[in-house]
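Structure first, commentary second.
The values are calculated or read from the model by the stated rules, or taken from the named source; none is laboratory data. Here the structure is a predicted model, which is why all the values come from computation and not from measurement. For neighbour counting, all protein chains shown are included, and Cβ atoms are generated from backbone atoms with ideal geometry for every residue, glycine included.
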Amino acid sequence: MKELKIVVLAKQVPDTRNVGADAMNADGTVNRAALPTVFNPEDLKALEMALALKESVPGSTVTVITMGPPRAAEIIRDARSRGADDGFVLSDMRFAGADTLATSYALACAISSLGHVDAIFCGRQAIDGDTAQVGPQVAEKLSLPQVAYAESIHEVGDSSLTIVRRLERGSEMVRMQLPALITVTSAAKDCRYPNAHRLLRFYDDEVPLRSADTIGADLERLGLKGSPTKVKKIENVVLAHKDAEQVAATPEALTGLAQTLIKEHIL
Amino acid sequence: MNFYTDNDKLSFYLHHPEMAQVAAVKEHDFAEHGNHPEAPANSEAAVKQYDAVMTLLGDIAGDVIAPNAADVDAQGPSLENGRVTYAPGTRQNLDTLIQSGLYGMTLQRRYNGLNFPRVAAVMAAEIIARADVGFATLWGLQDCADTIQQFASEELKQKYLPRIYQGATCSMDLTEPDAGSDLQSVRLKATFDEAANCWRLNGVKRFITNGDADLHLVLARSEEGTNDGRGLSYFLFDRADGGMTVRRIENKMGIKGSPTAELQFTNAPCHLIGERRLGLIKYVMSLMNGARLGVGAQSIGLCEAACREAEAYAASREQFGKPIERFIPVQDMLTAMRARTDGARSLMYETARYVDLAETSKAASRTADILTPLVKLTASEFANRNAYDCIQVHGGSGFMKEYACERLYRDARILSIYEGTSQLQVVAAIKGIANGAYLKLIEQYDSRLREALATDNKQAHTILSMLGEAVDAYRQLYDAASSQGSTDDLFEHTARSLAESLARIIMGYLLLLDSLRDESFMASSRYWAEQSLSYIAGALTLTRSRLR
């Protein structure tokens, strides 16, 4: 099989496992300065799938693209220490405030600027926004077939991939033609650790920062300008039950519970 | 969990001011920079590299090795048809570390090594041992590669050293049924096979850690008719060449994941390392010093693990309406555990720095030689004490298999035995005791502190004067043990007390020096100043009463 040009879309996100009391500002926005950051977990899984594909098709390359502030270069270096060939950060104030529409537009432009690409992998969703929209929107904008919720690559064919998708109840196997976009779920294999030698080569490396001007984008469709989503209010919701009720495992009791839930419009 | 980044004290020693010099020596003044993509430009860059790799290792230790430890302990390795299979967790640990390119940490870059100094290597061992001491023994055996790098021919180095990076495991085959501490009695025979133009090994080795390794360093009798250490040479045996089977693996009390094997060599082909007759007196001695520092690192990893287990339990367990950490008798145990860990660690990194500087300085080399047995002696005994106290803090729960402290207790027990018992470490320290080398070193610490301590740092001055008193008491102890009227026996009876006194005093000084950069070390420094005084007073009373 001919070597593949593979792209991974990744995001640096706040580490929600280590959220302190100062994580939120008084106005309800996220206090990013107070939060440590991490490689979005499902994007790491996407990177692993991409690296495994690269290894199965000799001569292939993996390029990682992220959009964010200059410090997001950390995840590009991290990805390179794990085996990615190169990468860059889309970093420009004109990208700021983007919703999923503007983000996917910027990423699609960046991918187009690379010329022909065979496969694009990204995490299903990021742990800060949880939208799961960016990957599919990028595919649509590039007019590529997409498979979401990928768990593993079952087979690498000649210009096709057979992918196992994780569904709510079980899994299914689909074959897709390349080029294509794949979003990877948390059930996929964990990403390998960095390699110490690659770490020493890249831990201090300069990562290219690319501005909006370099990707042939329509500036009106970027950032806040290009984002129809308007946030009305962000609220901290604390779920707390007032009292608990034990329901016996009998048909009568369960029917009663179902009726109550229907009456209260829960079901 | 990251076992490097969650422990500020490791970063503290990695960023010790002398590390600039350590890095410069290891990098030959950064001559390789520009010719190799991994070679750092200066000391600052080198230390950053060490830090980055320790962070990687800390992740693997916390997320892979530690979670595997209990299963590995329960399952252990197995033996079938003369071959050993590791427990699944052990295999996963090895594979993860190999894939991460961490093997060959101290090897030169031309053999795919990371070219890291001893300080970084012992830190890696400490981090891994905190996760699982049994696995740390396997990891530590890559130090065998240092012996090959240092003493073997270029041809052997080219052939074997790159395999370390690829994950070839090592063993150090010294012990035999009748040659344990007394290695001069080794009998395994090496004969030169003229027809095949190679050496061949015949005989039995016993208690060999990781005995079914890929590469073996074997001590064998090459000079027929000899019966002492001068008839022994050192050989490199590649398991793939055949001629060796594992007869049994031992059923041990602790470090159960690490296979300890009895090996039968039958006409096994092998390569001579360096020169004949220097096997024990030069090469093994060199390897042994490294291994002793390695056991020190394992011990400190275990000390740290025991501290954390005990601290966490004491904070969460409530009795009489409050957490037990608020009761003074429990606090005393936790303080002692922390002070032992701090003290042994400070002593170990000081020693490792001297080992690294030994390449360019005879004085550093001599200091490394006298400090190494003190590290092995104190750290391994402290690991046992910490494991004991860890169970004590847990009370009845600690006696149950459910808690990690039970495994720590069993794993700790070997530390004061293998690579030279505590008693043999005392023997190794006697020369420095008799010629005053330790006292000279202590004088240097003392004058450095007198220069550096601010006059208003009252607490530090109090500790310094206590340590001064302890040194005076030590001199009295030494005089009593070697005074006229005493016998050689009395000196030997007192030798352990002398060595232990010196270790306590030196730890007090080193921690006080550390407190100049981080005040939190002051408490442990004071602990050792107090302990020195009380320990030496007891030893002096005993020795004087023996003289009566």
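Given the criterion surrounded by 10 or more Cβ atoms within 10 Å (Cβ to Cβ) and part of a loop (DSSP other than H, G, I, E, B), identify the matching residue among A:Asp204, A:Asp213.
Step by step, each of A:Asp204, A:Asp213 is checked, and only A:Asp204 is surrounded by 10 or more Cβ atoms within 10 Å (Cβ to Cβ) and part of a loop (DSSP other than H, G, I, E, B).
Answer with yes or no whether B:Ile164 is closer than 20 Å to B:Lys376 by Cβ, buried (at least 24 other Cβ atoms within 10 Å of the Cβ) and among the aliphatic types (A, V, I, L, M). Judged against the criteria, B:Ile164 is not a match.
For A:Leu199, the conditions (1) surrounded by fewer than 19 Cβ atoms within 10 Å (Cβ to Cβ); (2) farther than 19 Å from A:Ala46 by Cβ; (3) within 14 Å of chain B (Cβ to nearest Cβ) are fulfilled apart from (1).
All of A:Ala244, A:Ala248, A:Ala240, A:Ala187 fail the test of being assigned to a loop (DSSP other than H, G, I, E, B) and within 24 Å of A:Ala126 (Cβ to Cβ), apart from A:Ala187.
Checking the condition in contact with a Lys or Arg (Cβ under 8 Å, 6 or more places away or on another chain), free of Cβ contacts under 8 Å to residues at least 60 places away in the same chain, more than 14 Å from chain B (Cβ to nearest Cβ) and farther than 30 Å from B:Tyr103 by Cβ, which residue from A:Ala244, A:Ala248, A:Ala187 passes?
A:Ala187 is the lone residue from the list that is in contact with a Lys or Arg (Cβ under 8 Å, 6 or more places away or on another chain), free of Cβ contacts under 8 Å to residues at least 60 places away in the same chain, more than 14 Å from chain B (Cβ to nearest Cβ) and farther than 30 Å from B:Tyr103 by Cβ.
Scanning the stretch B:477-498 for residues that are in contact (Cβ under 8 Å) with a residue 60 or more places away in the chain and loosely packed, with under 15 Cβ neighbours inside 10 Å turns up B:Ser483, B:Gly485. Being at pLDDT 95 or above, under 23 Å from A:Ser81 (Cα atoms) and of a type in the set (A, V, I, L, M, F, W, C) is a property that B:Phe3 has. If the condition is being among the small types (Gly, Ala, Ser) and either closer than 17 Å to B:Pro117 by Cα or in the same structural domain as B:Ala305 (by TED's automatic domain parsing) (or both), then the stretch B:52-89 contributes only B:Ala52.
For the stretch B:44-51, the condition of being outside the structural domain of B:Glu359 (by TED's automatic domain parsing) and within 20 Å of the chain's Cα centre (by Cα) holds for at least one residue. From the set of residues in the stretch B:63-121 that are within 14 Å of chain A (Cβ to nearest Cβ) and β-branched (Val, Ile, Thr), which is nearest to B:Tyr409 (Cα to Cα)? Going through the qualifying residues, I end up with B:Ile65.
Tally time: how many residues in the stretch B:498-548 are outside any helix (DSSP H, G or I) and of a type outside the set (D, E, K, R)? Going through the stretch B:498-548 one residue at a time, the tally reaches 1.
Residues that are hydroxyl-bearing (Ser, Thr, Tyr): list the helices (runs of 4 or more DSSP H) wholly contained in the stretch B:333-434 that include at least 3 such residues. Spell out the reasoning first.
On the way: elements: B:362-394, B:404-412, B:422-434.
Passing ranges, in order: B:362-394.
Evaluate the following for B:Leu161: is it in contact (Cβ under 8 Å) with a residue 12 or more places away in the chain, among the hydrophobic types (A, V, I, L, M, F, W, C) and within 19 Å of B:Glu262 (Cβ to Cβ)? Considered against the rule, which asks whether it is in contact (Cβ under 8 Å) with a residue 12 or more places away in the chain, among the hydrophobic types (A, V, I, L, M, F, W, C) and within 19 Å of B:Glu262 (Cβ to Cβ), B:Leu161 comes out as no.
Based on what the data block shows, is A:Asp118 more than 13 Å from A:Leu9 (Cα to Cα), free of Cβ contacts under 8 Å to residues at least 12 places away in the same chain and surrounded by fewer than 24 Cβ atoms within 10 Å (Cβ to Cβ)?
Values: more than 13 Å from A:Leu9 (Cα to Cα): yes; free of Cβ contacts under 8 Å to residues at least 12 places away in the same chain: no; surrounded by fewer than 24 Cβ atoms within 10 Å (Cβ to Cβ): yes.
Considered against the rule, which asks whether it is more than 13 Å from A:Leu9 (Cα to Cα), free of Cβ contacts under 8 Å to residues at least 12 places away in the same chain and surrounded by fewer than 24 Cβ atoms within 10 Å (Cβ to Cβ), A:Asp118 comes out as no.
Here B:Thr55 passes the criteria (1) within 13 Å of chain A (Cβ to nearest Cβ); (2) among the β-branched types (Val, Ile, Thr); (3) farther than 24 Å from B:Trp139 by Cα except the one numbered (3). The residues of the stretch B:27-52 that are more than 10 Å from chain A (Cβ to nearest Cβ) and part of a loop (DSSP other than H, G, I, E, B), listed by number, are B:Glu27, B:His28, B:Asp29, B:Phe30, B:Ala31, B:Glu32, B:Gly34, B:Asn35, B:Asn42. Determine whether the stretch A:40-54 contains at least one residue that is of a type in the set (Asp, Glu), touching a residue at least 24 places away in the same chain (Cβ under 8 Å), surrounded by fewer than 24 Cβ atoms within 10 Å (Cβ to Cβ) and assigned to a helix (DSSP H, G or I). Yes, the conditions are met somewhere in the stretch A:40-54. Among residues that are free of Cβ contacts under 8 Å to residues at least 60 places away in the same chain and over 21 Å from B:Ser545 (Cα atoms), B:Ser501 is not included.
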